[in-house]
Amino acid sequence: MRLCMRNSRITIKQLAERLNLSPSTVSRALHNHPSIGKKTCDEVQKLANSLGYFPNSLASNLRRNKTNLIGVLIPRIDRTFQSLAISGIEEIAHKAGYYVTIFQSNNSYEREVENARMLLSNRADGVIGCLALETNQYDHFTNFITNGIPLVFFDRVCNEIESSKVIIDDFTASQKATEHLISIGCTRIAHIAGRQDITIFRSRLEGYKAALLKNNMEIDKSLICITSDLSSEEGSECMERLLDLPVPPDGLFCANDNTAISAIQFAKKKGIRIPDELAIVGFSNTPASTIIEPSLTTIDDHAFEMGQAAARLLIRQIEDKDLSIASETITIRHDLIIRESTDRSTKETTK
């Protein structure tokens, strides 16, 4: 019998025909079943190895109605927060025997919908999602729940769907960042904000405002610069506008590190001394925040731990079919990491 190995995958049936055995005997021999003699097991495994046979685990999993596949829908793989969260997810998933498939929406609603359909058609055991910036409809996520597929959101979550979530307290973290600027003597504090239709960025703006009001400081709309995606370019543009004000800010809280770092770079080019003339705080504690000169004071949102928590929550829901809790929200801790960009010789703790 001639077996074509170049363009087709070797099957148990073909092995059985070659050895004049039944497919069930070959299957058991491949797994060293005690009912099959050692000689037969050795012959089957030797032929399987020589022909490049490997088991179709997907078909086996589908027969068990389980794929051991977790889908992760994220906006941008190239963002440090997302990559750290993915690492946390993968670590927990691997230990539990699950594989992780990552889909990037690039902040596109249409692409996110397409990715969700792909995961649904491939029967993922569970899905972890972080919303794209463009997403304001959620039927593609509701479909997972309708089909009995556990769903967990992290960071940019969907409050319109009853599902489990892993978040940080963006309001309190931003209030803490702004109050730190106040504590070192800043009296005119600006904010570079994210899109206000996104919950986390709206919460960060509200936390900034709450800190000002708590300290009897005016909320000056001219000091608030709202961006579309908190890019480095927008950070520079906002910094330029803020420095052109009749009375420029002496403190700046940014909704992410990207804009904070570009703000530092722009201000330095204009001869602004940081932190003496302008103190700056970012958000996320990215690796670049330690490299920039001066190093950036920032909020550590513990992205890796957020990913770990999301994976643990999802796997528990996948494996405990009798779980009575329909949804659960986990809030990850955050820390204020104080560095040179706000160091006016004020000694404070970092948490």
Query raised in the report: Taking segment 211-238, which residues are without any contact (Cβ under 8 Å) to a residue 12 or more places away in the chain, of a type in the set (A, V, I, L, M, F, W, C) and part of a loop (DSSP other than H, G, I, E, B)?
Result: Ile219
Report task. Considering every residue within segment 113-131, establish whether at least one is surrounded by fewer than 19 Cβ atoms within 10 Å (Cβ to Cβ), under 18 Å from the mean Cα position of the chain (by Cα) and of a type outside the set (A, V, I, L, M, F, W, C). Result -> no
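Suppose the filter is outside any loop (DSSP other than H, G, I, E, B) and not assigned by TED's automatic domain parsing to the domain that holds Thr227; does Gln265 pass it? Don't jump to the end; show me each part of the working.
On the way: outside any loop (DSSP other than H, G, I, E, B): yes; not assigned by TED's automatic domain parsing to the domain that holds Thr227: no.
So Gln265 fails the test.
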Query raised in the report: Hey, Glu237 hits all of (1) more than 30 Å from Phe304 (Cα to Cα); (2) in contact with a Gly (Cβ under 7 Å, 6 or more places away or on another chain) but one; which does it fall short on?
Result: (2)
Report summary line: Scanning segment 185-197 for residues that are surrounded by fewer than 19 Cβ atoms within 10 Å (Cβ to Cβ) and of a type outside the set (Asp, Glu) gives Gly185, Thr187, Arg188, Arg195, Gln196
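The values are calculated or read from the model by the stated rules, or taken from the named source; none is laboratory data. Since we're looking at a predicted model, the values are computed, not measured. Note that each Cβ is placed from the backbone with ideal geometry, even for glycine, and that neighbours are counted across all protein chains shown.
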